[in-house]
Every structure is written in structure tokens, then in C-alpha cells.
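Read through the structure below, which is laid out as C-alpha cells, and then see the notes.
The values are calculated or read from the model by the stated rules, or taken from the named source; none is laboratory data. A quick note: this is a predicted structure, and the numbers were derived from the prediction, not measured. Cβ coordinates were reconstructed from backbone atoms using ideal geometry, including for glycine residues, and neighbour counts include every protein chain displayed. Remember, those area values only see protein heavy atoms, side chains included, never the ligands or the DNA or RNA. Shrake-Rupley method; radii C 1.70, N 1.55, O 1.52, S 1.80 Å.
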Amino acid sequence: MTTRARRRRSTSRRPARRPRVRAARRPRGQAARRRAREQATTRLVLAALVLAAVVAVAREHPVATATLGIVATATLVYLARTGRLHLPGSPGPGQDVTHTLAAFQHMTGTQFEYAVADLARRDPAVRSATVSGGANDRGLDVLVVLRDGRRIAVQCKRYAEGNRVGAPAIYTANGTYRAYHRCDHAVIVTTSRFTRDAELANASLPEPLRLVDGRGLARWLGGGRPPWG
């Protein structure tokens, strides 16, 4: 037998390779659900331990526990009413879907007036904020009355970004907020900006109005000082 024939024979006797079978992987969805269940179980255990500790302390000191509970409840109610407390899961100043600059820009003029009035009521210094806009509002859309007695005439301009508030709005508000509406101050709030002429006209007044453009409104929405603060 030749050497070439032996090589062919030895090659034909080699066993065929078996294909590798990979182990089935666990779907990612099942792993995520398992982690979620484990986290939920851990939270429940911790909550049960905290509750047991609170019950034990309450049994030992019932009067002190009741007093602390009343004080804590009153504090939470006060903070929630004044807008200083935002519970987890509830919209905060920067997350409020009805009080954002983008939402304001998609409102009608009347809706924007009511939204500004509602925003004003968040200030603890405000006693009332009433929408007074109409066809002949003479520069008064929202009347804000502070707790110290001051009256603020607010004019609302819900404009698109490219449409700026001009000088005529300054002259109208300045000519009516004291003589006609008997207010102490005037504010013009817009979702857009003021023209250069409007800013110059306001700066030339003996008592300039308080102008709030889109950026200032965003800061106010985010918890900044109101225009009368």
C-alpha cells in the first residue's frame, strides 16, 4: 500500500464533528421581572421593619408619638398648600404638565390668563388672583391682591416666539392701571419677548412696569420670585 493510500484511509476513519449546542439563555424580560420582584420584596421587608419599630415606640411613648404625628401632619399640610412640598410621583414646579412654558405657548389667550392667575395663587403673599380679561379689559387681564393690601394689574400676552410685545402695550398698561383700575403696580407677562422699543418706553416711565418675558416666566414657573416679590 502506498503512502498516499494510507493517508486517504486514515482520513476517512476520523469521526465527524458534532455541532456545539449552546445553552439556552434566559430571556431578558424574565430576568428584569425577577429583579423587580426581589426589589419589591426587599422594600416590603424594610417597610415592615420600620412599621414594627414605630409601633414599638408608640406603645412605649403614646403621648409623645401622638404629638409628633400631629405636628408632622400639620407641617406636611402647610408645605403642600404653599407649594413647597412635592411628593414623589407628583408633578413638581419643573414637571407640571399644565404649568410649563411649552404648555403656555399652546394655550388660547383666555387659558393663558387663567394659568397665570393660578400661578399667582401659589405665592403665599397673594390673597386672591382674579381673571378680569375681556374685550374691553383696558390692560387688565388678572387682578392680583396681596395680603398687605397692594393691588397688581397683570396683563397677559400669549404670543409665539417670533411675535414680540411692542411699545403700545406698555403705554396702554401704564395709562390705565392706576387711574382706571386703582392698582399699585402693573405687570406684563408674555410667553415671548419684548421689542427694543417696548423696553425703552418702559425705562422712560417715572415708575417702570414689571416686564416678564418667556425666560422670566420660566424662572417663575421653576420656583423663582414672582414679579411683585
Query - Listed residues SER192, SER204 arranged by accessible area, highest first, probe 1.4 Å - result: SER204, SER192
Requested in this report: Ignoring everything but the protein chains, give the 1.4 Å probe accessible area of ILE188 in square angstrom, nearest 10.
Outcome: 0 Å²
Report summary line: Per the 1/(1 + (r/R0)^6) rule, R0 = 35 Å and r from the Cβ atoms of ASP184 and LEU68, FRET efficiency to 0.05 is 0.20
Report task. Could you tell me what fraction of 2.2 N^0.38 Å the Cα radius of gyration of segment 125-229 comes to, as a two-decimal ratio? Result -> 1.01
Query raised in the report: Relative to the present Cα-Cα distance, how much length would full extension add between ARG59 and THR108 at 0.36 nm per residue of separation?
Result: 11.9 nm
Query raised in the report: How would THR190, THR65, THR176 line up by accessible area, probe 1.4 Å, largest first?
Result: THR65, THR176, THR190
Report summary line: SASA check, ASP197, accessible area w/ 1.4 Å probe, all protein chains in place, rounded to nearest 10 Å², comes out at 100 Å²
Query raised in the report: Per-residue accessible area for TYR114 at 1.4 Å probe radius, Å² rounded to 10?
Result: 130 Å²
